[in-house]
Structures are given as C-alpha cells and as structure tokens.
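See below for the structure under consideration.
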Amino acid sequence: MKRFVAASAIAIALTVSANSAGAADFDTDEAIRGLVVGGEVESFSGIMFYDGDGDDVDFDDDDYQLVSGLTGRLSMPLGDNLSVQMDGEFEYASNALSGSRQDDLFAHSFLAGGHLSWRDPETGLFGGFAAFGGGASDDAGNGEGSRAYSFYAVGGEAQFYADNLTFYLQGGYIDGATENSVPVIDNDALRNALFGRGIVRWFMDPDTRLQAEIAYVDGETDSNAADTTILEWGARYDTMIAGLPILGDSNVFVGYRGAHFDKSGGDSAEFTDHTIMVGFTHRFGTRSIQETDRYGATLDMPNFGRWVSAGQILE
C-alpha cells in the first residue's frame, strides 16, 4: 500500500506540472464538420498491486507486477451520421512469458471488436458493439503455465454531449468459455454475465481531458455457478506536452484503474487490484482530443479478458 500511495503521488505531481494550459471552451466554429476517418493508437506501461481476502486468495509471494498494453481504434463514416469503429487491444503482465512465483496472477488479455453507431457531433451517439477475445492467468502453483479463457461480448452504448462534457453509457452481456465449450477450458471463467459501465469526460481545453468511469459486472464462476460480481473504477488525465526531445509534441496520459472481484457461496473468495499507468497516444484524422471525441474514434471497451480470467484467482 505504501508503494501504491507513493506511486500515485508521483504520477499526479508529474502530470499536473506538465500541463500549464488554462481551461478553454471547445471552439465549434473552428471544428471540423461531419464524421471523419480517424483513429488512435495508445501504449502504456504501469504497475498492478494485489490485495486478497480468503484462504484461496493469498498474494504473499507476489503482490504486484508490471503491466503494459497496446490499443488501436479506427473510425470510418458510412454517411453523414452513421459510422463504424474497429477496436483491438492487448494487455500483458511481466509474468506473461517468464511465469511468476505467485499462483493465478493475471498474465495477458486480448480483444477484437467493433461498434456501429449513429452520431450527431452536436448532441450525442447511440449504437451497439460486439467483441471477442481471451484472457489468461498464471497457473504457477501447478506448473501448468498460463490458463487461457476465451469470451464474447455484445451490448449497446450511448453518448450525450453537453458543451465540454461527454457522458458515455455502455451495457451488455459477456460469456466466457467453459468445459462445454470448444475448445474445452473449464468452469473457472466468468460466464453468463451482465455489465453496466458509465464514463464522464471533461475537456478542460481541446487537448486536455479528465475522465472518470465505473463499471459493475454480475455473472457466474466455478463449477457450482457461484455468483460473482466485479466493481471496477478508474480515472485518467490526458494532455499535450509540447517539444519533447525526439518525440516533439506528444499526447500523454496518466491513469488509474481499480477493481474488486467477489465470489459468494460456500467457496467464497475476493480480491482487489490497483493499476497505475502512464502512456502515449497518437491520433490521426482529427486535430485535438475533443475533436476525436465528437467526430472520430470516440468509443472504447473495458478489458473483458481481465474480467473473464479473474475467475481463476477466485477459485
């Protein structure tokens, strides 16, 4: 916990000192008109801390690990208001290749998916999404390497625009692979789950964004179909830093993600993780973060693979 607090303080201090621009309204007169072909590529690195509760969740050997990720999004208009967006994500931990002393830590996840939506850049957006992918946890205790869990997810989403604020709502269904699936996995995967997610984005100026989000998941894990819930929360700060050596003007961000996983029943268990991350974003097709939000690749997805593979830690 001391490492977590210290790292949080350092990350916040660095971010605040890097941005000295004052708040400014989004100039709609200067904004591009109509949806555009646009996208973004993000990369991040950070550290994930664990805290367990119960006989089956014990992080005495390793209670933290390094994590990194890569995300790509591409939005393409299909007319004046209709657009399609394609997403790809990959996240991995420091034990993904070398293994860990600690049984069941998160190893890696991946996702591929798409969104179809109708959008008015002045008022809002509504549409649907579908995704598939996988997640894995390290099975170090049994010497079996990573145990992988596949999933698919479908749902709907909407955005509402109010000056420099964006409100983003998302919800849907997730199902992870079980022993009855092809290929055969086992019943530890999160399955038959519903989720809801809410996001608020505040654009302090066109190239500075503060974002907060929360998500809730209710599904099943274990061979006894134990009720499993996930509460996830996070915050992120994006800004532009001008004149970095070699990189030049760069979009950077610092973020935090926390989650609490809870399995009820006779074999109950729970754990919490905290992730602090710093990364870079490259955008194309738009001129600012807020233009991307209103005209380009504005949609995203949670890390479904992380949720699905957490059932192994709770086992």
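The values are calculated or read from the model by the stated rules, or taken from the named source; none is laboratory data. This structure is a prediction, so every number in the text was calculated from the model and none was measured. Neighbour counts run over all protein chains shown; Cβ positions are idealised from the backbone, glycine included.
Points worth noting:
Residue by residue, here is whether (1) surrounded by 23 or more Cβ atoms within 10 Å (Cβ to Cβ); (2) over 17 Å from the mean Cα position of the chain (by Cα) holds:
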residue: Phe261; (1), (2): yes, no
residue: Ser268; (1), (2): no, yes
residue: Gly279; (1), (2): no, no
residue: Phe284; (1), (2): no, yes
residue: Arg287; (1), (2): no, yes
residue: Arg294; (1), (2): yes, yes
residue: Asp300; (1), (2): no, no
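- Test result for Ala136, modelled with pLDDT of 80 or more, in contact with a helix residue (DSSP H, G or I) (Cβ under 8 Å, 6 or more places away or on another chain) and in a strand (DSSP E or B): yes
- Conditions (1) surrounded by 15 or more Cβ atoms within 10 Å (Cβ to Cβ); (2) under 30 Å from Asp120 (Cα atoms); number of the one not met by Thr272: (2)
- Checking every residue in the stretch 266-287 against the condition of being within 18 Å of Leu231 (Cα to Cα) and aromatic (Phe, Trp, Tyr) gives at least one match.
- From the list Leu70, Leu66, the one residue that fits, being at pLDDT below 95, in contact with a Ser or Thr (Cβ under 8 Å, 6 or more places away or on another chain) and in a strand (DSSP E or B), is Leu66.
- Selection of the stretch 78-93 for residues being buried (at least 16 other Cβ atoms within 10 Å of the Cβ), over 22 Å from Val252 (Cβ atoms) and at pLDDT below 95 yields only Ala93.
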